Amino acid sequence: MKKTTFILNSLFILAGGLGLAACGSPQAGGSAQYIDPNGERAIVNVGRINYQDFNMAAGDLVQDLLKTGAIKDKHPGGPTLVAISRIVNETDQQFDTDQLISTIRAALLQTGKIAISNVALGGATTDQLAQETANKNAFMQNTTTPNNAPDYTLYGKIMYDKTSAGDVKQSAYIFDLQLTDVSTQTTIWEKPASIVKQGKGSSIGF
Amino acid sequence: MNKNFRYICAALLALAAAGCATVNTVEPAYPVAKVDKVPDKRIITNNTLNEIAYVVEVDRAKNAGGFEEVQVKLQNTKSGAKLVNYAFEWFDQNGISLNRDPQWHSLSIEGGEIRSIGDVAVWPNAADWRLTLSESVGYSPDMQQGPVGGGYHHQ
């Protein structure tokens, strides 16, 4: 009788182990491995912004921007020019705000209807070599550099709020983006994308 | 012994009740919206997931920006709140993927609730799409013992 119980218990443990292994659960503390950067197996920290948070927020913002049709076709036959203004980081963390903007830039460019202006704040350029080459070509051909004034500018702010109940922590990150029509100097679109995380600690996957 | 057993049963019932939260909804009996419903093909490998994120309807439209948009209505047919993850992949006329590493999103659905998820194709040559759903491996809002790790909540 005891032997039968032992065999049955062993079988249950073995089946359970096989079941867990088959589920392909992430191996926390295991050997290093590559993961899908946009997938659902990335590390989630409650108290800080993770890589995938930028991608999720940027995706939501671009989706809404394109969905509303806020960016009009300003140059029939050519792309509408959008410049990225300042992205203000009001959180308690230091990070490169380009993590948010690069995804937005790439998505807007993929539409084929929008081009991103290299003009940056203060009349600077994001690509010095491109500007120098354009200036040199204009000088050699005795012309002027093409007018690359943007039709729209994107301004953003990243805010946060942290709270807790007992040992459960919650952090909210709000990625707010505004689109300004340069010709009218008015904000024609705004969208806050919120990422809210809750838990006792970090985890793998979401 | 009997008394303790009763206390344990009461506590378990209370915990179970706390986890069962469903929603009531009201909508027009004769909706004015004319939706372009898309016949869909489903590959179900996880029946539990199909119950917590049952695909009620699939719609598509050209949005105000002139981009292709898809909307999927999901219903949690269970009685407790659940978390699911989802991602949309888009394909061109030749069936070539336009976003091979689609962005995954997290969605919380209350018991009985219907939520709409969707995606806008940023590519002018987008023709078809595929929605992939998965059970959340992180924190679930109706976990009785409270969240163990970090997890995404309502967005």
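A short reminder: the numbers here are calculations on the coordinates, not readings from a lab. Worth saying up front: this structure is predicted, and the values here are computed from it rather than measured. Positions of Cβ are backbone-derived with ideal geometry, glycine not excepted, and every protein chain shown enters the neighbour counts.
Over the range A:42-204, the Kirkwood radius and the radius of gyration, each from Cα atoms, give a ratio Rg/Rh of 1.07.
Ordering A:134-143, A:65-74, A:189-198 by mean Cβ neighbour count within 10 Å, with the highest value first, yields A:189-198, A:65-74, A:134-143.
Remark: spin-label model distance A:TYR34-B:SER97 equals 1.3 nm, labels positioned 7 Å along the Cα→Cβ axis.
Counting Cβ atoms of other protein chains within 10 Å of each residue's Cβ and taking the mean over peptide A:194-205 gives 6. With the cut-off at under 12 Å, measuring from each backbone N in the range A:135-166 to a point 7 Å along the Cα-to-Cβ line of A:ALA120 picks out no residue.
Amide hydrogen proximity for A:ASN118: with H placed 1.01 Å from N in the peptide plane, no residue at 5 or more positions away or on another chain lies under 5 Å. Per-residue mean of foreign Cβ neighbours for B:99-108 is 5 (Cβ atoms of other chains, 10 Å radius). Placing a pseudo-label 7 Å from each Cα along the Cα-to-Cβ vector at A:THR186 and A:ASP127 gives an inter-label distance of 3.4 nm. Among the lysines of the range A:42-204, pairs at least eight places apart or on separate chains and with Cα atoms under 27 Å apart come to 21. Once R0 is set to 41 Å, what does the formula 1/(1 + (r/R0)^6) return for the Cβ-Cβ distance between B:THR48 and A:GLN141, expressed as a FRET efficiency to the nearest 0.05? Result of the calculation: an efficiency of 0.05.
D by Stokes-Einstein for the range A:69-110, Kirkwood Rh over Cα pairs, 10 °C, 1.306 mPa s: 127 µm²/s.
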